[in-house]
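*Asks:* Sharing a structure with you now.
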Amino acid sequence: MKSFKILKMALLSFLSVSLFVSCSDDDNNSSQVTDEFEALNVTTFKTITEGNYTLDFATKSGELIQGYNEIYIRVKDNRTSEYIDNATINWVPTMHMTMMEHQTAKSDVKRTINTTAVYNGYIMFQMAETTDPKQTWTLKVDYTIDGNNYSEEFDISVPASARKRVNVITGTNDKKYYVALVEPSDPVVGENELTVAVFMPESTTSYPIVEDYTLLIDPRMPDPGMGNHGSPNNIDLTYNSTTGFYHGKVNFTMTGLWNLNFQLEDTDGNIVAGEEITNTTNPEGSGYRSSLYLEVEF
């Protein structure tokens, strides 16, 4: 009888420990993904709850802007409070206007590197929302979990950016280009990695990446008192097939507003958009700023 009591107590102790470990594992899974959001230094700007699942959408700034946006997503199972690590996610951003609708350039959504259950991709909003005329954005998200399909569509806010982060321009070849600033997002005095995305719309639903062009860079400080001065040691941007972006370097010699003046060169060496800077004295005159430009202020 004494041996039976000892065995019973040992069994109860084992079950208690197992239950504690199981609960701890559940708690750790939820907190781990929360920590992953914190580790990525992103802030949620939209939360959608429908049925068994809650979707969180986050960016570095905690909002969307006109231009390039890197967006992070996590999906929580409300029944278990666990985050889903095997979801397949697709999205479609749509601009709704009075007379028409159109989409915009976007990437696929993939698992974020070095995370357990966080996904990310980018959307480039070429237009901001407006009230007059009314122009609004929605985001449709389709996701699959364990073979089951789900879909949500909701409004998103895309205000105008304070500085020019995207340039929509028609080239001398009559092709339209969308040119968006990706980096630097936190510019500093000195050398900065410069990353730019270039898209060419084929229709209202197709915005493929432009490959193998070159972006010639001429950064200038447009304050008339500064003589529209430039900076040394800049490196023109070339296409990287791995990232799908154009990469180079820009050197800022001081803080303030900078125009990133570009010329877009096609694969035949023809300049199809943008102009050379030839004017350093008259802000209203030609040659003071390229028609293909973006802005950085810090």
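*Asks:* Given [x] 23.4; [y] 17.6; [z] 21.7 as candidate values of mean projected area of the Cα convex hull in nm², which corresponds to the one derived from the coordinates?
*Replies:* Given [x] 23.4; [y] 17.6; [z] 21.7, the calculated one carries the label [z].
*Asks:* Return the sequence-ordered ³J(HN,Hα) values of segment 163-175 in whole Hz as given by the Karplus equation 6.51 cos²θ - 1.76 cosθ + 1.60 applied to θ = phi - 60°, using x for Gly and Pro.
*Replies:* Once rounded to whole Hz, the list reads 10, 6, 9, 9, 10, 9, 9, 9, x, 5, 8, 6, 9.
*Asks:* Under 5 Å between amide hydrogens, which residues at least 5 positions from Y207 or on another chain qualify, with H placed 1.01 Å from N in the peptide plane?
*Replies:* Excluding prolines and chain starts, which carry no amide H, the hits are E202.
*Asks:* In percent, how large is the relative contact order of the chain, given Cα pairs closer than 8 Å and 6 or more residues apart? Present the calculation step by step, with values, prior to reporting the outcome.
*Replies:* Numbers: 653 pairs, mean separation 36.4, N = 298.
This gives 12 percent for the chain.
*Asks:* Please give the length that would be gained between E211 and E101 if that part of the chain were fully extended, namely 0.36 nm times their separation in residues minus their C-alpha to C-alpha distance (nm, one decimal).
*Replies:* Working: separation 110, 0.36 × 110 = 39.60 nm, distance 2.66 nm.
Length gained between E211 and E101: 36.9 nm.
*Asks:* Need one number: nm distance between label points at S81 and T130, each 7 Å from Cα along Cα→Cβ, rounded to one decimal.
*Replies:* 4.7
*Asks:* Okay, moving on. First select every other residue whose beta carbon is under 9 angstrom from the beta carbon of M200; then total the charges, Lys and Arg +1, Asp and Glu -1. All intermediate terms of the calculation are to be shown ahead of the outcome.
*Replies:* Values: positive: K175, K176; negative: E202.
Local charge sum for M200: +1.
*Asks:* Pop the C-beta distance of D146 and T47 into the FRET formula with R0 = 22 Å and round what comes out to the nearest 0.05. Let's see the in-between values first.
*Replies:* Working: r = 22 Å, r/R0 = 1.01.
That pair, D146 with T47, gives E of 0.50.
*Asks:* A further question on this structure: Report the Cα centroid-to-centroid distance between segment 154-196 and segment 197-238 in angstrom, as an integer.
*Replies:* If we compute the Cα centre of each part, the gap is 9 Å.
*Asks:* What residues qualify as long-range amide H neighbours of F45, i.e. H under 5 Å apart, gap of 5 or more or another chain, H built at 1.01 Å from N?
*Replies:* F57, A58, T59
*Asks:* First measure r as the distance between the Cβ atoms of M226 and D35, then evaluate 1/(1 + (r/R0)^6) with R0 = 51 Å and state the FRET efficiency to the nearest 0.05.
*Replies:* Working: r = 45 Å, r/R0 = 0.88.
Once the sixth-power term is evaluated, E becomes 0.70.
*Asks:* Take a quick pass over segment 39-156 and tell me how many lysine pairs come in under 22 angstrom between Cα atoms, counting only ones 8 or more apart or on separate chains.
*Replies:* Taking segment 39-156 as the scope, the lysine pair count is 14.
*Asks:* Can you list residues from other chains, or at least 5 along the same chain, whose modelled amide H is less than 5 Å from the amide H of H229?
*Replies:* Here M221 satisfy the definition.
Read-outs: derived from the displayed coordinates by stated rules, not from any lab. Source: prediction; values computed, not measured. Note: ideal-geometry Cβ built from the backbone for every residue, glycine included; neighbour counts use all protein chains shown.
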